[in-house]
1. Report the Stokes-Einstein translational diffusion coefficient (µm² s⁻¹, integer) for the range 144-230, Rh taken as the Kirkwood radius over Cα pairs, at 4 °C with viscosity 1.567 mPa s.
2. Kindly provide the GluC sites (Glu not before Pro) of the range 25-123 that DSSP labels as loop, not H, G, I, E or B, and whose Cβ sees at most 14 other Cβ atoms within 10 Å.
3. Reported to two decimal places, what Rg/Rh ratio describes the range 342-406 when computed on Cα atoms with Rh from the Kirkwood expression?
4. For the range 91-154, go through all pairs of different Cα atoms, get the mean of 1/r, take its inverse, and jot down that Kirkwood value in Å.
5. Compactness ratio of the range 163-287: Cα Rg over 2.2 N^0.38 Å, N = residue count?
6. Can you list the GluC sites (Glu not before Pro) in the range 343-416 that are in a DSSP coil and have 14 or fewer other beta carbons within 10 angstrom?
7. Which of the pairs 89/156; 195/411; 65/195; 76/263; 195/242 have their Cα atoms more than 21 Å apart in this structure?
8. Which of the trypsin sites (Lys or Arg not before Pro) found in the range 29-127 are loop residues per DSSP with 14 or fewer other Cβ atoms within 10 Å of their Cβ?
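Bear in mind these aren't lab numbers, they're just calculated from the coordinates by the rules spelled out. Just so it is clear, the structure is predicted and the values come from calculations on it, not from any experiment. Cβ placement follows ideal geometry from the backbone for every residue including glycine, while neighbour counts extend to all protein chains displayed.
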Amino acid sequence: MQPHYFYCHYHYFSSFIFLLAILFNYGCSDSSIGIGYRFTLPVVVGITSGRAFLVETNEMEPNFKVALSVEAIGEKFSCSLEVFLGDVKVWNSGHYTRFYLVDKCVLELTQDGDLRLKGPKDRVGWRAGTAGQGVERLQILRTGNLVLVDALNRIKWQSFNFPTDVMLWGQRLNVATRLTSFPSNSTSIYSLEIKNNKIALYLNSGDSSYSYWEFKPSMNRNLSFMALSSKGLELFNDQSKKIAQIRSQVLNPPLRFLALGNKTGNLGLYFYSSSKAQFEASFQALNTTCDLPLACKPYGICTFSNACSCIRLLKREEEGVNLDCGEGFPRGFCGRKKEVEMVELEDVRSVLRDNDHSRRDNVSKTQCLEMCLDDCKCAGAAFNSQSCFLYKLVGGLKQVDRGSGMSFIVKVPTGSTSGTHGRSNVKKWVVILVGVVDGMIILLVFGGLAYYLIRKRRNSHGDTPNN
């Protein structure tokens, strides 16, 4: 099958050298491409990223478009096949594993029906794995589902089966599947996971997983899958009966996609605002900054004023060492219990919740402290009403009302605090710092208001004629 020649859109960011890409054009179609298709996108030295839009749906903007993209990652270049809704990326072949190359990226739909991304010397970096299944063409559907179909339009491969961080209208996700996103400059991973009795947001770090938001159907009903409709996110049981729904707070226009943000880890339902020509959220799982899992750096506390304060150790400060929140404290004190001590932070809790594997009930605060000391992987512990939770990371800390009975205990190297009163001093220091931050914000607000009133009064006197 010979490819048809159509005009394709090319875009190399921050450069006019996009004309080089046209020289490598082997053909494009309006909504599909057939077997034997081959397109090469060159890597241009000095360009951070380049993109060629190959096919698109026949709809009014914003419509779905398929692109071949090259992006600079350090000294390497990453190549991927992408799907866009307007200017929002809704699917990416390199979401989990990047394909790196140095000079060019080739998209190929082979004669035997396999879709591939290739680099120099025909090295295959990604493939659909559909060779020999009768695939005739690659097509983008009106739902945004990128599919490989045979001569009878039977789907042999589809992007909907490989979710990334976005769920589109009409897409269905079964139990045990999840959406994931990767925050920048962090080793942690956000995920939206579908369990048999709930959907939940998780912060994953190493072998630890902590939830920070969840939604459960009433009466403990089990769910089988979820789907995004035009009015909300719907949950179904194994008889395909709807058992729960998260409704959109905007009835019109309809929802277009659900997304898990890689900056905040928040979950949102989005519609397209034609008046503003952009997508807007009609629902967000978390509405306050301090409820976000990484609102502050590790070992930072989110205050009532949505500001972050660090837990710094007094002795380190006296020695002239500035310990930044992001650095945390040394860990790995297995078998060296005398080298660590515990510092208690009163009226502080973590928004991160464990899966109850680390929960211990009917224990005292002293017993909770000892359990964390005995566990070399424990970095901190939360205590509340005779319940103890052990954490392998210290994050998601937020200030709560005084007298709440909640406290968070942090494991630190022995001698980090000043003298025998180090622990109480640290607690007082944190309380004072939090109070100072909130007090300064309040002072600035009232000071600005007083200044405005004084200026207004002086101006009114100046405009009055003298008697």
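1. Using the Kirkwood radius from Cα pairs, D works out to 88 µm²/s.
2. Answer by residue number: 59, 75.
3. Looking at the range 342-406, the ratio lands at 0.92.
4. 12.8
5. Taking N as the residue count of the range 163-287, the ratio is 1.05.
6. Hits after loop and neighbour filter: nothing returned.
7. Among 89/156; 195/411; 65/195; 76/263; 195/242, the Cα-Cα distance tops 21 Å for 89/156; 195/411; 65/195; 76/263.
8. Those that pass, being in a loop and sparsely packed, are 123.
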